[in-house]
Amino acid sequence: MNCPLCQAADYHFFHEDKLREYYQCYNCNLIFVPVEFHPSPVEEKARYDQHQNDPADQKYQRFLTRLFQPVSELLAPGARGLDFGSGPAPVLSQLFEADGFSIDIFDPYYANDPRVFSQQYDFITASEVVEHLRNVRSELDRLYHCLKPGGILGIMTKLAVSPEEFEYWYYKRDKTHLCFFSIRTFQWLADNWNAGVTFIDDVIIFTK
């Protein structure tokens with residue numbers, strides 16, 4: 001078993017609960033769940049189908065604004081983007097479209113159009129997505145390579161908590177959450193890409 005992000009074999013046991021085990025990489029600091037504890041695709045989609053992401057839900061729109069606002073402020077008028085992991089209701093893409101941007105969507109279960117990965121984008125967003133990725137390194141590299149020079153990759157995910165807090169952390173209770181990132185993890189990724197990175201609470205913005 002290697003770290004799914006940096007591929008290092010240098011990791012340590014981090015935590016165990018009734019459902020699964022967690023390990024942490026010494027190199028990039030990613031906390032990850034071993035493959036034997038990953039849900040099947042059927043189980044995963046069943047969990048996603050339970051999400052109540054109503055486009056008319058003002059509370060949900062405010063939640064997405066935490067990613068939409070800082071990304072949109074960095075974009076030129078008419079910029080073209082991709083919402084990766086758009087889910088059953090692509091509300092984030094609707095926010096960008098309402099502000100004059102054009103945006104494609106991709107989701108492996110609800111909008112599975114791999115042609116988007118042959119395109120080049122001014123910006124890419126991934127809201128509450130990266131923690132679900134099974135092949136996290138290859139997926140993130142694929143997104144980064146779809147960015148034009150100067151492009152923006154905006155990610156929103158909860159940053160990992162301390163070992164003492166992890167036992168009670170609600171975010172790990174979702175069995176489809178397989179990777180947990182820290183500031184150090186995202187900084188490792190930025191260094192690996194030679195990208196700029198900015199942190200705004202649980203929003204991370206890379207500049208290619």
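The values are calculated or read from the model by the stated rules, or taken from the named source; none is laboratory data. Keep in mind that what you see is a predicted model, and the values were worked out from it rather than measured. Here the Cβ positions follow ideal geometry from the backbone for every residue, glycine too, while neighbour counts run over all protein chains shown.
For the stretch 155-176, filtered to residues that are buried (at least 21 other Cβ atoms within 10 Å of the Cβ) and closer than 14 Å to PHE32 by Cα, the residue that is nearest to the chain's Cα centre (by Cα) is ALA160.
Only one of the listed residues (GLY100, GLY150) is of a type outside the set (A, V, I, L, M, F, W, C), in a strand (DSSP E or B) and either at pLDDT 95 or above or in contact with a His (Cβ under 7 Å, 6 or more places away or on another chain) (or both). That residue is GLY150.
In the stretch 16-34, the residue that is nearest to ASN135 (Cα to Cα) out of those that are touching a Lys or Arg at 6+ places or on another chain (Cβ under 8 Å) and touching a residue at least 40 places away in the same chain (Cβ under 8 Å) is VAL33.
Based on this model, can you work out whether PHE68 counts as free of Cβ contacts under 8 Å to residues at least 60 places away in the same chain, in contact with a helix residue (DSSP H, G or I) (Cβ under 6 Å, 6 or more places away or on another chain) and not in a loop (DSSP other than H, G, I, E, B)?
yes
Taken over the stretch 176-208, the criterion of being in a loop (DSSP other than H, G, I, E, B) and at pLDDT 95 or above is satisfied by THR176, HIS177, LEU178, PHE181, SER182, ASN194, ALA195, ASP202, LYS208.
I'm checking my understanding of the structure. Among residues of the stretch 7-29 that are farther than 13 Å from LYS172 by Cα and aliphatic (A, V, I, L, M), which one is surrounded by the most Cβ atoms within 10 Å (Cβ to Cβ)? For the stretch 7-29, the residue satisfying everything is ALA8.
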